[in-house]
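Chemist: Here it is, the structure in full.
Nothing in this text is a laboratory measurement; each read-out follows from the coordinates by a stated rule. The model shown is predicted, which means the values in this text are computed figures rather than measured ones. Positions of Cβ are backbone-derived with ideal geometry, glycine not excepted, and every protein chain shown enters the neighbour counts.
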């Protein structure tokens, strides 16, 4: 009765602890999934920003190219106006020199030639015409000089306007160049941000995969524990089989291998891979006989007990998950010292050898599996 109460208490403790573990795992997975969604949203926003910046940069470069074409055209116009200005100044100077020569000539001759022209007139009408001609010549020189001066001033003004427009285009080009540098810098920063987010997304996905795998493994261990406990209770209800309990003794670590010896007081009676029978052509583990006497068995390495109970073939057996796909199995005990869900350390006692299940004598069947495939235990001992 006391033993039955102990099993029930143990079952309740396992269920409660597993419930806490599963809730914690589910919470962790939810948090990682939430973080993944947030990272994806940040990446989408950054990609949109990159797209917008790329379009803005293309617009700036197009505008700068257009302004550059306008500046080249303005330079050609300015060059043309400079040539026109030079020619206008030459024309103005020529007219001025011509006028000076006529004035000088009139001064040196004392206007005698012009007086002779007037007195050579044969009529008053001709006289008046000749006088008007002389006056017209002087007026023409003055008007021509004024016209050439106006042309010079006009061309100079036009040149100044063109240079002003060129300066405005140049300033706009410089401003666009600065904006180009700013946009290119933002574009580079955004690209780096996207790369960083992609790296974080990858790491988060790997973490999520790890947590999901751990959750699946925990669920599988729970299924195995539940099946083992159910089998144990069924066997006890039938009055046959079942797992006796024995207090664990001190831990024992022996040997120089990765694992400690699971039954250091025993001797090998069967090796891995030996022919057993037509139904069991290759032995999946090693058997250690103990001379018909119950002897302590020990955990080969640190791990978690996923099965500790009764099996019709394995008798009272223990299965330990060591992580990284490595599992060890201990079969045919007469009594057990551990329970499902218990964390054990290397060399911790698991129980006593026996002759339970499908067994032909007191011994321990020790089996090592990597990713569910049985391997030779001697590689670990």
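Chemist: Taking the Cβ-Cβ separation of residue 27 and residue 181 as r and a Förster radius of 51 Å, what is the calculated FRET efficiency to the nearest 0.05?
Modeler: 0.60
Chemist: Could you tell me how many cubic angstrom of Cα convex hull volume region 314-371 has per residue?
Modeler: 80
Chemist: Now for a different question. Just to verify a number: FRET efficiency for residue 170 and residue 55, C-beta to C-beta distance, R0 = 25 Å, to 0.05?
Modeler: Efficiency, rounded to the nearest 0.05: 0.45.
Chemist: Let me understand region 280-334 better: what is its radius of gyration from the alpha carbons, and its Dmax, in angstrom?
Modeler: Calculated on Cα positions, Rg and Dmax stand at 12.1, 36 Å.
Chemist: By how many nm would the segment from residue 65 to residue 282 grow when fully extended, if each residue of separation counts as 0.36 nm and the alpha-carbon distance is taken off?
Modeler: Length gained between residue 65 and residue 282: 70.0 nm.
Chemist: Roughly how many nanometres apart are two label points built 7 Å out from the Cα toward the Cβ at residue 198 and residue 76?
Modeler: 4.6
Chemist: Using 1/(1 + (r/R0)^6) with R0 = 45 angstrom and r between the beta carbons of residue 44 and residue 214, what's the FRET efficiency to the nearest 0.05?
Modeler: After rounding, the FRET efficiency stands at 0.95.
Chemist: With viscosity set to 1.002 mPa s at 20 °C, what whole-number translational diffusion coefficient in µm²/s follows for region 243-379 from Stokes-Einstein and a Kirkwood radius over Cα pairs?
Modeler: This corresponds to a translational diffusion coefficient of 148 µm²/s.
Chemist: So, one more: With label points built 7 Å along Cα→Cβ from the Cα atoms of residue 253 and residue 153, find their separation and express it in nm.
Modeler: Result: 10.9 nm between the two label points.
Chemist: What is region 243-379's relative contact order, in percent, from Cα pairs under 8 angstrom and six or more apart in sequence?
Modeler: Once normalised by length, the contact order is 30 percent.
Chemist: Once region 149-207 is represented by equal point scatterers at the alpha-carbon sites, with solvent omitted, what log10 I(q)/I(0) does the Debye formula produce at q = 0.15 Å⁻¹?
Modeler: Here the Debye-derived log intensity ratios amount to -0.67.
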